[in-house]
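Asker: There's a structure below that I have some questions on.
The values are calculated or read from the model by the stated rules, or taken from the named source; none is laboratory data. Given the structure is predicted, the values throughout are model-derived calculations rather than measurements. Because the Cβ atoms are built from the backbone with ideal geometry, glycine has one as well, and the counts that use them run over all protein chains shown. Surface accessibility is based on the protein's heavy atoms, side chains included, excluding ligands, DNA and RNA. Shrake-Rupley method; radii C 1.70, N 1.55, O 1.52, S 1.80 Å.
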Amino acid sequence: MRTQDRIQGADPEGCVVDNSLLAQIEAAVGRGKVVVSADDDAVVALVQETVKSGRTASFYLSREQARTLRDLHWTPELVKSSRLEPVSAEEKARIESELGIADIGAFRFGRFACKQGHEFGAFDFLQHGIRAHGRDAVKAIFEMKNVAFLRVNPYFAVNCATCDQPMEGGITYEGDTYAGCSYPDPPVCR
């Protein structure tokens with residue numbers, strides 16, 4: 001590879017980089033976002049530190065990075081305390097028929113209730129996501145082939161679908177492409 005090629009279209013190790021990718025990175029950074037390239041261990045450590053810090057961030061991870069974090073994060077004790085359970089076949093059918101999301105894969109959700117006792121489950125969560133971001137955005141997350149989306153320490157303001165009262169508590173979920181929602185309390189990273 002010529003020196004000029006390395007300077008104009010390559011990363012520091014000399015591997016050729018697609019200029020359209022560089023343009024996308026520049027555009028994202030120009031909008032105030034950050035793009036990080038690091039080995040898997042560094043990415044996993046960064047996500048763990050973000051969870052512990054209580055700061056909010058979104059990560060687009062490789063499937064392998066997401067699996068590593070899932071193994072570290074979702075201890076049997078945390079799964080139990082979060083009430084994290086696979087979405088039932090009945091709820092999946094409702095999500096497909098009413099929301100138009102055909103395949104949510106191995107998605108798990110921690111159901112919770114409002115003060116009146118009305119339950120908030122995966123259907124309600126995805127319906128809220130569609131209202132906030134649009135059906136295409138929610139579907140796109142579940143259709144990703146190589147990426148898992150992880151939201152760390154988010155703030156969700158949702159109202160009960162039945163009585164319209166504000167609901168309290170963290171929303172907890174986890175899946176193949178929707179890698180989850182992680183909170184620092186209780187401490188979760190080993």
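Asker: Charges on Cβ only, +1 for Lys and Arg, -1 for Asp and Glu, centred on the Cα centroid of segment 20-62; of Ala57, Ser37, Ile25, which one is farthest towards the dipole's positive end?
Answerer: Value: Ala57.
Asker: Hey, can you rank 101-114, 25-38 by average C-beta count inside 10 Å, highest first?
Answerer: With the highest mean Cβ count within 10 Å placed first, the list reads 101-114, 25-38.
Asker: Let me ask another. Of all the accessible heavy-atom surface of segment 51-188, with the other protein chains kept in place and a 1.4 Å probe, what percent is carbon and sulfur? Working shown, then result.
Answerer: On the way: 3610 of 7470 Å².
Percent of accessible area from carbon and sulfur atoms in segment 51-188: 48.
Asker: Hey, got the dipole for segment 64-190? About the Cα centre, +1 on K and R Cβ, -1 on D and E Cβ, debye to the nearest 20? If you can, show how the numbers build up before the last one.
Answerer: On the way: 15 positive and 18 negative charges, 40 e Å.
About 200 debye.
Asker: Which far-off residues, 5 or more places away or on another chain, put their amide H under 5 Å from the one on Phe112, with H placed in the peptide plane?
Answerer: Residues meeting the amide H criterion: Phe120.
Asker: So, one more: Per 0.36 nm of contour for each residue apart, how much would the distance between Glu90 and Asn159 grow if the chain were fully extended, relative to their Cα-Cα spacing?
Answerer: So the extension gain works out to 22.6 nm.
Asker: Each residue of segment 155-162 in order: what ³J(HN,Hα) in whole Hz does its phi give by Karplus 6.51 cos²θ - 1.76 cosθ + 1.60, θ = phi - 60°, with x for Gly and Pro?
Answerer: My calculation for segment 155-162 gives 10, 10, 10, 10, 10, 4, 5, 8 Hz in order.
Asker: Go through Leu99, His118, Pro154 and say which Cα lies farthest out towards the positive end of the charge dipole of segment 47-156; charges sit on Cβ, +1 for Lys and Arg, -1 for Asp and Glu.
Answerer: Result: Pro154, furthest along the dipole toward the positive end.
Asker: For segment 82-99, take each phi angle, set θ = phi - 60°, evaluate the Karplus expression 6.51 cos²θ - 1.76 cosθ + 1.60, and give the result in whole Hz per residue in order, putting x for glycine and proline.
Answerer: So the J values, rounded to whole Hz, are 8, 6, 6, 9, x, 5, 5, 4, 5, 5, 4, 5, 5, 4, 5, 6, 9, 9.
Asker: Oh, and also: Let's see if you can work this out: charge +1 on each Lys and Arg Cβ, -1 on each Asp and Glu Cβ, no other charges. What is the dipole magnitude of segment 11-103 about its Cα centre, in debye to the nearest 20?
Answerer: Working: 11 positive and 17 negative charges, 93 e Å.
Around 440 debye, computed over segment 11-103.
Asker: Relative contact order (percent) for segment 50-190, with alpha-carbon contacts under 8 angstrom and 6 or more residues of separation?
Answerer: Normalised by residue count, the contact order of segment 50-190 is 36 percent.
Asker: A further question on this structure: With every protein chain left in place, what is the accessible area per residue of segment 70-145 in square angstrom, probe 1.4 Å?
Answerer: 58
Asker: Residue-wise, which Karplus ³J(HN,Hα) couplings in Hz belong to segment 58-74, taking 6.51 cos²θ - 1.76 cosθ + 1.60, θ = phi - 60°, and x for glycine or proline?
Answerer: The phi angles translate into 10, 10, 9, 10, 5, 4, 5, 4, 5, 5, 4, 5, 4, 5, 6, 7, 8 Hz.
Asker: Next question, about the same structure. How much of Glu91 can a 1.4 Å solvent probe reach, expressed as accessible area in Å² and rounded to 10?
Answerer: Here the residue's solvent-accessible area equals roughly 30 Å².
Asker: What whole number of Å gives the distance from the Cα centroid of segment 25-74 to the Cα centroid of segment 124-145?
Answerer: Centre-to-centre distance over Cα atoms comes out at 20 Å.
Asker: Please name which of Cys163, Gly175, Ala140 has its Cα lying farthest along the dipole of segment 118-183 towards the positive end, using unit charges on Cβ (Lys, Arg +1; Asp, Glu -1) and the Cα centre as origin.
Answerer: Final value for the positive-end residue is Ala140.
Asker: OK, next. What does the C-alpha gyration tensor say about the overall shape of segment 59-190? Classify as rounded when a/c is under 1.5, otherwise prolate if a/b is larger than b/c, or oblate.
Answerer: Oblate, since a/c reaches 1.5 and b/c is not below a/b.
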